[in-house]
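Have a look at the structure below, then the notes.
The values are calculated or read from the model by the stated rules, or taken from the named source; none is laboratory data. Keep in mind that what you see is a predicted model, and the values were worked out from it rather than measured. Note that each Cβ is placed from the backbone with ideal geometry, even for glycine, and that neighbours are counted across all protein chains shown.
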Amino acid sequence: MDSQNTFWKSAVKNGLLAGAIGLYSTLVGLVQAFNKRAVIEQLSLGHITLLLSWGVVAYVFLNHHREAESKGKLIAAGALVGGLGAFLVALLPMTAQWVDYHFVFVHAGPEMYSLLTFGKGPWVGSAMLVAVGALWGVLIALVVSLPTFWRNSVVKAFLITITVGLLSDLFSGMTIGWMFQPFLGVEGLNILGAVLVFGLSIAYDYWSAHRKPKESAEAVATEPTGITKAQLRRMVVGALALVVVAGLPLLLGSYLSHVLNMVGLYTIMGLGLNIVVGYAGLLDLGYVAFFALGAYMMGLLTSTGPLGIAHWTFWEAVPFSILVAMVAGILLGVPVLRMRGDYLAIVTLGFGEIIRILALSNWLKPLIGGAQGILLIPKPPLFGFKIQTPIHFYYLILVGIGLAAFVAYRLRESRLGRAWMAMREDEDVAEAMGIDLVVTKLTAFAFGASFSGLAGAIFASYVGSIFPHSFNLLISINVLSLIIVGGVGSMPGVFVGSLALVGLPELLREFAEYRMLIYGLSLIAMMLLKPEGFWPEPIRKRELREEVGD
């Protein structure tokens, strides 16, 4: 009996928690602001925010008790958690006729109350809201009761459907947008489109889980070339992926090409910082300094304005941008050779701020323009053709990513790369094995900085002008975050992290007030649920999963 009482008390507590989260989201204006973006027909992002505030709490609670309680009790508890959470939110429109919440909460007003009550009035609408919350809790309980594979697949399919619906406006703006029209409503996905996305996600998960294991390379070798079927399959998939990537700008248009360009620049920087942090284990929070040095060197050498000193082309200046950043990386590495962990992070953070303050100072203003920056940076010429539109720069950045990825891969597989990884695991043991820590650390800083210098050079030519405020600490934090999100030490993880932390926020700029809030919450959720990253390095994945298992 005591265990039963404990279960229901816990259900009530979780219902109150769900309601508190829903109230907070509503009163700060999050739900009202997100209501402007439709996801599926009449279901807006604001409604989904409320549903998620109740659903996540209910899912975690019910999943914790899934083995110990019966299906009927889970359904009843889900209805209690969802209904109680919705009831607390429904108190707002019910009591608004006597209490002026707008006096304290500026977002509380007729628009918010109409959203919460579905335009049906305070009493009827509030009852509908509570019913929706309870029904949502029942659905969450039914999902929790499913076998593990189907439960995970349904949750993943739901999140994918919401994401596709959220970005559905972009599909109609593509050059092939007519292909998606049958699945799009006036705003967001229509019901057919939502069902199709949900079903395809489930089908893909099922196919991935039940496909036959690959045959051994020896058993499937083909004659006369000796190329295995697995190798042939990888070659075909790689060729198709290359064709798709090369044709993306022609399908997406200028705006989405610009978003991809920003993702690409961060990818180049991420590949460089991944050498320093992921391979060598050196925490660098001043990485933006090398990005700034590469950009300023490009500006000084190519600008046609008064600050230009050489009037070179992009191709003549880019090696010097890389070289200056590499030398700066070595100069930073020399005084921090004996530092580790937090102390190293603090020193590198200071280095990044020193570069930014120097760029702003009046002392260097005659050379690099101070707060006014460097203007009139020309676009790169290519055999008489000028690279100037976002679509043109997409291919230049793609070449930069390819070069950076090739160098990073070759370094990782080299003797130097193995030395970096040994140093990352334990510096004392690495030194005892004969690894020269001085050379190893300096080369890590040098190669990592050179990638950032390349990204800075392309950035300066892309925007046509550079200013000190473009190189703040947040860039270093973003690059480090995308490495962690993708998977520390993983090259594919850098691409995934860039898309998640650079591409998605760029597409949600209309929610500027709340963009960083969502950004922070997403990072916290990922650190708790998938600490190894979205596409982790195999070794690191095994280490973290073993720790979780212990």
Among the residues of the stretch 307-326, how many are part of a loop (DSSP other than H, G, I, E, B) and free of Cβ contacts under 8 Å to residues at least 24 places away in the same chain? 4
Look at Val479 and say whether it is out of contact with any Phe, Trp or Tyr (no Cβ under 9 Å at 6 or more places or on another chain) and either outside the structural domain of Phe314 (by TED's automatic domain parsing) or of a type outside the set (S, T, N, Q) (or both). no
For the stretch 76-97, does any single residue satisfy the condition of being at positive phi and among the small types (Gly, Ala, Ser)? no
Quick count over the stretch 29-43, residues being touching a Phe, Trp or Tyr at 6+ places or on another chain (Cβ under 7 Å) and free of Cβ contacts under 8 Å to residues at least 24 places away in the same chain, is 0
Collect the residues in the stretch 405-430 that are surrounded by 15 or more Cβ atoms within 10 Å (Cβ to Cβ) and free of Cβ contacts under 8 Å to residues at least 24 places away in the same chain, keeping them in residue-number order. Ala419, Ala422, Ala430
Name the residue, out of Gly137, Gly78, Gly72, that is more than 33 Å from the chain's Cα centre (by Cα) and either of a type in the set (Phe, Trp, Tyr) or closer than 26 Å to Asn152 by Cβ (or both). Gly72
May I ask you to verify whether Ser153 is surrounded by 17 or more Cβ atoms within 10 Å (Cβ to Cβ), part of a helix (DSSP H, G or I), free of Cβ contacts under 8 Å to residues at least 60 places away in the same chain and not assigned by TED's automatic domain parsing to the domain that holds Ala58? yes
Is there a residue in the stretch 170-181 that is at pLDDT 75 or above and either touching a strand residue (DSSP E or B) at 6+ places or on another chain (Cβ under 6 Å) or outside any strand (DSSP E or B) (or both)? yes
Got a sec? Which of Leu184, Leu200, Leu192, Leu196 is at pLDDT below 85 and over 25 Å from Ile75 (Cα atoms)? Leu184
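When you scan the stretch 287-306, how many residues do you find that are in a loop (DSSP other than H, G, I, E, B) and within 23 Å of Gly417 (Cβ to Cβ)? Write out each step before concluding.
As a first pass, look at the stretch 287-306 and keep what is in a loop (DSSP other than H, G, I, E, B): 287, 303-306.
Now narrow it down to the ones that are within 23 Å of Gly417 (Cβ to Cβ): 287.
Result for the stretch 287-306: 1.
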Looking for something in the same structural domain as Lys386 (by TED's automatic domain parsing), at positive phi and not in a helix (DSSP H, G or I) - is there at least one such residue anywhere in the stretch 431-440? yes
Quick one: in the stretch 21-30, of everything that is in contact with a helix residue (DSSP H, G or I) (Cβ under 7 Å, 6 or more places away or on another chain) and closer than 16 Å to Tyr101 by Cβ, which residue is surrounded by the most Cβ atoms within 10 Å (Cβ to Cβ)? Gly22
Taking the condition in a loop (DSSP other than H, G, I, E, B), modelled with pLDDT under 75, outside the structural domain of Val485 (by TED's automatic domain parsing) and among the hydrophobic types (A, V, I, L, M, F, W, C), does Ala230 pass? no
Tell me which residues, restricted to the stretch 358-390, are exposed (fewer than 12 other Cβ atoms within 10 Å of the Cβ) and not aromatic (Phe, Trp, Tyr). Asn362, Pro366, Gly384, Lys386
Write out, first by first residue and then by second, each pair whose Cβ atoms fall under 9 Å of each other, whose residues are 6+ apart or on separate chains, and whose first residue, in the stretch 331-342, is of a type in the set (Gly, Ala, Ser) while the second is part of a helix (DSSP H, G or I) and loosely packed, with under 14 Cβ neighbours inside 10 Å. Gly333/Val438
Among the residues of the stretch 465-487, are any closer than 30 Å to Gln32 by Cα, in contact with a Pro (Cβ under 7 Å, 6 or more places away or on another chain) and either surrounded by fewer than 21 Cβ atoms within 10 Å (Cβ to Cβ) or modelled with pLDDT under 90 (or both)? no
Which residues, counting only those in the stretch 99-115, are touching a residue at least 12 places away in the same chain (Cβ under 8 Å), of a type outside the set (Phe, Trp, Tyr) and either surrounded by 17 or more Cβ atoms within 10 Å (Cβ to Cβ) or farther than 16 Å from Val31 by Cα (or both)? Ala108, Met112, Leu115
Scanning for something surrounded by 15 or more Cβ atoms within 10 Å (Cβ to Cβ) and under 30 Å from Gly185 (Cα atoms), does the stretch 7-17 turn up at least one residue? no
Determine the pairs where a residue that is in contact (Cβ under 8 Å) with a residue 60 or more places away in the chain and farther than 13 Å from Ile475 by Cβ, located within the stretch 290-301, has a partner that is of a type outside the set (Asp, Glu) and not in a helix (DSSP H, G or I) with Cβ atoms under 6 Å apart, the partner being 6 or more residues away or on another chain. Gly299/Ile374; Gly299/Ile377; Gly299/Ile466; Leu300/Ile309
